[in-house]
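Please read the structure below before turning to the comments.
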Amino acid sequence: MSLIDALFTAFSIPFMARALVVMLVLAVVAGIVGVLVNLRGLEFISDGLTHAVFPGLAIGLAVGGTSGLLPGAAIAALAGALALTWLDRAGITSDAAIAIVLTATFSVGVIVVSKSDDYAGELEALLFGRVLTIPPEQVVPLVVVSLIALLAVVLTLKQQLFRAFDARGSRAAGDSGLALDLVLNCAIALVVVAAASTVGTLLVLALLIVPGAVARLVTGRLWWLFPVAAGFAAIGAWLGLAAGFAVSVGAGVDLPAGATIVAVFVVGYALVLGVSALSGRASRASRAPRSPRRAGGAATSAARAAGTAARAAGTAAATGAGEGR
Amino acid sequence: MSDSPVLRLAGAAFTHPGGSGVSGLELEIAPGEAVALIGPNGAGKSTLLKGVLGLVPRTAGEVALGGVPIGTGRASHSANGMLAFLPQSADLDPDFPISLEQVVMQGRYRGLGLLRWPGRGDRAAVARALETVGLSALAKRPFGELSGGQRQRGLLARALASDPALLLLDEPFNGLDQPNRDALVDTLRELKARGVAVLVSTHDLELARLVCDAVVLVNGTQLAFGPVDEVLTLGNVQECFEGVEVEIDEHTLVVPGHEGH
């Protein structure tokens, strides 16, 4: 198979075209929302939402089959966004407390899924997604969910950035911190929902966190962060789908598409990190860790990216024949 | 509006949910007037400023802005566009990817609301504010690369860009070197000349004499309010700072109480 075939011709096949459309929209939206996740240091809340969505997906699947996935996930994600916003404002940010809540929701999801006939298959699809088998009638809902998240963030973008930079100043200027947090957490939740049915609930985090982290490495200019993150995410999604297709068809090794996309994201992050370290930008940024919070945030981003990479590698290994089954 | 004071506190008290606060506040600030808020650490100076901003609930008395009484609790009355607040600058993330110009533009957001984006008039206002604080040459610089004093002046420019009727400043002179201190004093004088009312909390009695028309002394409750020369008397300052350690150059002085007190 030629490079041209993998990068372009492959997407004339309907299921590949559907996967590309959904992944491009999702990646661009996740990239833009992810910049705010990075600037606000909301990695933990994002992680929380990916777990909270899981029982919603499971219950939706149990009640309505694949068409029940999206509504189930949306309800669970919005409930999760409300709960996590409240936890955050109540000052309950203890990792232990949140971890207990999250594993509890995850176990509810597993219990629900275990009642279905095809336990292993269903669980795998929910955790690792099924981007290549998105039914045609789900393309529009997935795109709409992504665009609602984008709209919510774009409409409040100035105020979100103000709050991210100076929360007290933003309050003094009359902005409601609660309203802004709710809007942002709901936008994150909607991205998680759309991503959950494509790359799965475990790998969503890479879409939200890696592009934002890449943008922070590439540019120090505020308004460039968004196009850089969106562009990186779009290229990563495209290359990931193409690579998965090329290896599966060309080499006969069945690569799970969602995990391949995430692996491409993480490889891209590693490349950018390497280049920026060589060019000295990273050394400049780490020269004086004047803000412990931000230094911790950067470390968190890196750790999350590493964790996601491990998950992706694990998925690729464990589900070898994943997508096709 | 020109007749009514920009800020009037009548028997007002502001109390944190935890119980600490400041009470017995009786003061008026007219347009173009500057009032120094003086008291020892923990006296409630920041609480008073945050109370006026609506960030700490009012628990007694009355607060009026531009002659209009405002509601109880934490209503975000600052949304009416009269107030600007200059925080203590240290607690902003220096790694946040934002330029000085973009920070100053935040001062315009309240007027723009959600849907509109900054236009030519907003950019002109930002340029004016930067010129007022003498930082025009650094407009494109990353905010985190500025010195502490320049950041403080940048935040002052942000406050100016919102065209406030009342400017609240929390310890703006802490840690400033002489050139930045002079620049800040000049800016405050210029603001007063434009008719902006100023309420500034400070330890710096000298500053109060330089820029301010009146002084309010607080220590948990209001002790005195009036013209600088009448309020900053030895007796008043002793009462306010009784037993407090004051550092003057390299010497530490413990303010004695009144005799027979």
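Pop out the ³J(HN,Hα) list for segment A:45-50 in order, Karplus 6.51 cos²θ - 1.76 cosθ + 1.60 with θ = phi - 60°, rounded to Hz; leave Gly and Pro as x.
For segment A:45-50, the Karplus curve yields 5, 4, 4, x, 5, 4 Hz.
Would you list, by chain and number, the lysines whose Cα falls below 28 Å from the Cα of residue B:45, excluding same-chain residues fewer than 8 positions away?
Hits, sequence-local ones excluded: B:192.
Please list 3J(HN,Hα) in residue order for segment A:259-267, calculated via the Karplus relation 6.51 cos²θ - 1.76 cosθ + 1.60 where θ = phi - 60°; whole Hz, with x for glycine and proline.
Whole-Hz 3J(HN,Hα) from phi for segment A:259-267: 5, 5, 4, 5, 4, 4, 4, 6, 4.
Enumerate the amide H contacts of residue B:226 below 5 Å, restricted to partners 5 or more residues apart or on another chain; note that Pro and chain-start residues carry no placed amide H.
For residue B:226, whose amide H was placed from the backbone, the distant partners under 5 Å are B:215.
Can you give the FRET efficiency to the nearest 0.05 for residue B:242 and residue B:16, using r as the Cβ-Cβ distance and R₀ = 30 Å? Present the calculation step by step, with values, prior to reporting the outcome.
Working: r = 24 Å, r/R0 = 0.79.
Computed FRET efficiency for residue B:242 and residue B:16: 0.80.
Shape verdict for segment A:14-92, please, from the Cα gyration tensor: rounded (a/c under 1.5), prolate (a/b greater than b/c) or oblate.
oblate
With a probe of 1.4 Å, find how much accessible area segment B:93-163 has per residue, and write the answer as a whole number in Å². Display every interim value, and only then the final one.
Details: 2960 Å² over 71 residues.
Accessible area per residue: 42 Å².
Sequence-distant or interchain residues sharing an amide H contact under 5 Å with residue B:221, placed H: which?
Counting only residues 5 or more places away or on other chains, the set is B:23.
Work out the length of the dipole vector of chain B about its Cα centre, built from +1 on the beta-carbon of each Lys and Arg and -1 on the beta-carbon of each Asp and Glu, and round it to the nearest 20 debye.
Numbers: 21 positive and 31 negative charges, 321 e Å.
Rounded to the nearest 20 debye, it is 1540 debye.
Label-point separation (nm) for residue B:60 and residue A:223, each offset 7 Å from Cα along Cα-to-Cβ?
With each label placed 7 Å out from Cα toward Cβ, I get 5.1 nm.
Would you mind pulling out the separation of the Cα centroids of segment A:198-268 and segment B:126-184, in Å?
With segment A:198-268 and segment B:126-184 each reduced to a Cα centre, they are spaced 41 Å.
Can you work out the accessible area per residue across segment A:155-245, with the rest of the protein chains kept in place, probe 1.4 Å, in square angstrom?
I get 24 Å² per residue for this part.
Going toward the positive end of the dipole of segment A:38-163, with +1 on Lys and Arg Cβ and -1 on Asp and Glu Cβ, which of A:38, A:74, A:142 do you reach last?
So the residue we want is A:38.
Rolling a 1.4 angstrom probe over the protein chains, ignoring ligands and nucleic acids, what is the accessible area of residue A:105 in square angstrom, nearest 10?
40
Dipole magnitude of segment A:51-191 about its Cα centre, charges +1 at Lys/Arg Cβ and -1 at Asp/Glu Cβ only, in debye to the nearest 20?
The calculation lands at about 460 debye.
Near residue A:158, which lysines are there with a Cα under 27 Å away, not counting those fewer than 8 places off in the same chain?
Straight-line reach from residue A:158, under 27 Å: B:50, B:140.
Could you give the DSSP H helices of chain B that reach 15 angstrom or more along their long axis (alpha carbon positions) and whose average Kyte-Doolittle hydropathy is no lower than -1.0?
Details: long enough: B:100-112 (19 Å, -0.28); B:120-132 (18 Å, -0.49); B:148-161 (20 Å, -0.35); B:178-193 (23 Å, -0.84).
In chain B, the long hydrophobic H runs are B:100-112, B:120-132, B:148-161, B:178-193.
Would you jot down the residues in segment A:168-201 that end up with at least 20 Å² less accessible area in the complete protein assembly than in the chain alone, with a 1.4 Å probe?
A:168, A:171, A:172, A:173, A:174
Got a number for carbon plus sulfur as a percent of chain B's accessible area, 1.4 Å probe?
49
How many Å² of accessible surface get buried when B and A come together, counting both sides, probe radius 1.4 Å, rounded to the nearest 100? Spell out each step's value before the answer.
Working: alone 12690 and 14270 Å², together 24130 Å².
Approximately 2800 Å² gets buried when B meets A.
Under a crude label model (7 Å from the Cα following the beta-carbon direction), how far is residue B:114 from residue A:12 in nanometres?
4.6
Testing the spin-label approximation: label points 7 Å from Cα along Cα→Cβ at residue A:108 and residue B:41. State their distance in nm.
Placing both labels 7 Å beyond Cα along the Cβ direction yields 4.7 nm.
Taking θ as phi - 60°, what are the ³J(HN,Hα) couplings along segment B:57-67 by the Karplus curve (6.51, -1.76, 1.60), each to the nearest whole Hz, with x for Gly and Pro?
Once θ is set to phi - 60°, the couplings for segment B:57-67 become x, 7, 10, 7, x, 10, 10, 10, 10, x, x Hz.
The values are calculated or read from the model by the stated rules, or taken from the named source; none is laboratory data. Fair warning: this is a prediction, and the values are worked out from it, not measured in the lab. Positions of Cβ are backbone-derived with ideal geometry, glycine not excepted, and every protein chain shown enters the neighbour counts. Protein only, heavy atoms only, side chains kept; ligands, DNA and RNA dropped before computing areas. Shrake-Rupley method; radii C 1.70, N 1.55, O 1.52, S 1.80 Å.
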